[in-house]
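The values are calculated or read from the model by the stated rules, or taken from the named source; none is laboratory data. If you're wondering where the values come from, they're calculated on a predicted model, not measured in any experiment. Counting neighbours? That spans all protein chains shown, and the Cβs are built from the backbone with ideal geometry, glycine included.
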Amino acid sequence: MTYLFISDLHLSPEHPRLIRGFLDLLQSYQDRHTQLYILGDWFNAWIGDDYTAPWLDEIVEKLQDFHRHGNQVYFQVGNRDFALGYDFLKQFHGILLPDIYTLNISGVTYRLEHGDALCTDDVAYQRFKKIIRNPYLIALLKRTPLSFRQKLANGFRKKSHDDKQQKTYAIMDVHPKAVETALFDVDILIHGHTHRPAIHPLGQKTRIVLGDWREKTNQAMILEIDEQGHQNFIQWNISSSR
């Protein structure tokens, strides 16, 4: 069995290269009894499980084939695709994980999360997140027309981009105290969101940050763990994807 961890793919019809990179990843791992964990921002925006499009249909078909080969997809929401739910995932037997999920592999305990909750210095974002992630608001938005939700998503993306131009590097990174708390009762923390891939040894514990698929290097840092617990931090070459 192979455990594979990825995040921050930011898939969208505007970037077919990223979509092809993901489809190629599924193809590469489909015969390895893979448990694929996607730790948020799988899509650059998600306006609802009722949204359909040819580019998305292609992804679903490949995920269905991936499952038929004996593999399983697990998903945690990110700040870009927090509205993604069961109706979409059930098409390929995907499993929606809670915002914080603990996994044991060969006696080692891993904590999985998207990573935005660790950026506690970004007070404005945390306040915005608390509002937009309100279940009642999400339920209300699901009843609005897709066109309205698309405009709303476009506005959120612009706001996010503008906010980043005004924030310091430190504010948008994880806070050491938040990391310490997250690692309290686990051995290893795996997350994305910050787009700063690295392995950080912290005494007897470790923090692993997954990469953003939109990097100019055309490579995304992903993590592979085998049944014995051996870790392999891989540069997935997206540029080789057609």
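Listed values, structure above:
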| read-out | value |
| --- | --- |
| In region 198-240, residue farthest from the chain's Cα centre (by Cα) [restricted to those that are in a loop (DSSP other than H, G, I, E, B) and within 18 Å of Leu36 (Cα to Cα)] | Gln228 |
| Total residues in region 75-97, condition surrounded by fewer than 20 Cβ atoms within 10 Å (Cβ to Cβ), under 22 Å from Ser28 (Cα atoms) and either among the hydrophobic types (A, V, I, L, M, F, W, C) or touching a Leu at 6+ places or on another chain (Cβ under 7 Å) (or both) | 3 |
| Among the residues listed as Val77, Val108, the single one being β-branched (Val, Ile, Thr) and free of Cβ contacts under 8 Å to residues at least 60 places away in the same chain | Val77 |
| Residues of region 64-86 that turn out to be more than 15 Å from Tyr37 (Cα to Cα), not basic (Lys, Arg) and not in a loop (DSSP other than H, G, I, E, B), as a count | 3 |
| Count - residues of region 113-122 that are assigned to a helix (DSSP H, G or I) and under 12 Å from Met172 (Cβ atoms) | 2 |
| Search result, residues across region 19-51 that are modelled with pLDDT of 95 or more and among the β-branched types (Val, Ile, Thr) | Ile19, Thr34, Ile38 |
| Unique match (being buried (at least 19 other Cβ atoms within 10 Å of the Cβ) and either small (Gly, Ala, Ser) or not in a helix (DSSP H, G or I) (or both)) among Asp49, Asp31, Asp41 | Asp41 |
| Of residues in region 97-148 being of a type in the set (Gly, Ala, Ser) and within 19 Å of the chain's Cα centre (by Cα), the one farthest from Asp226 (Cα to Cα) | Ala117 |
| Count - residues of region 184-242 that are of a type in the set (S, T, N, Q) and under 21 Å from Leu118 (Cβ atoms) | 4 |
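Listed here are the residues, each with its yes/no results for (1) among the polar types (S, T, N, Q); (2) modelled with pLDDT of 95 or more; (3) not in a helix (DSSP H, G or I).
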{"position": "Phe88", "(1), (2), (3)": "no, yes, no"}
{"position": "Pro98", "(1), (2), (3)": "no, yes, yes"}
{"position": "Lys130", "(1), (2), (3)": "no, no, no"}
{"position": "Leu140", "(1), (2), (3)": "no, no, no"}
{"position": "Met172", "(1), (2), (3)": "no, no, yes"}
{"position": "Ala178", "(1), (2), (3)": "no, yes, no"}
{"position": "Val186", "(1), (2), (3)": "no, yes, yes"}
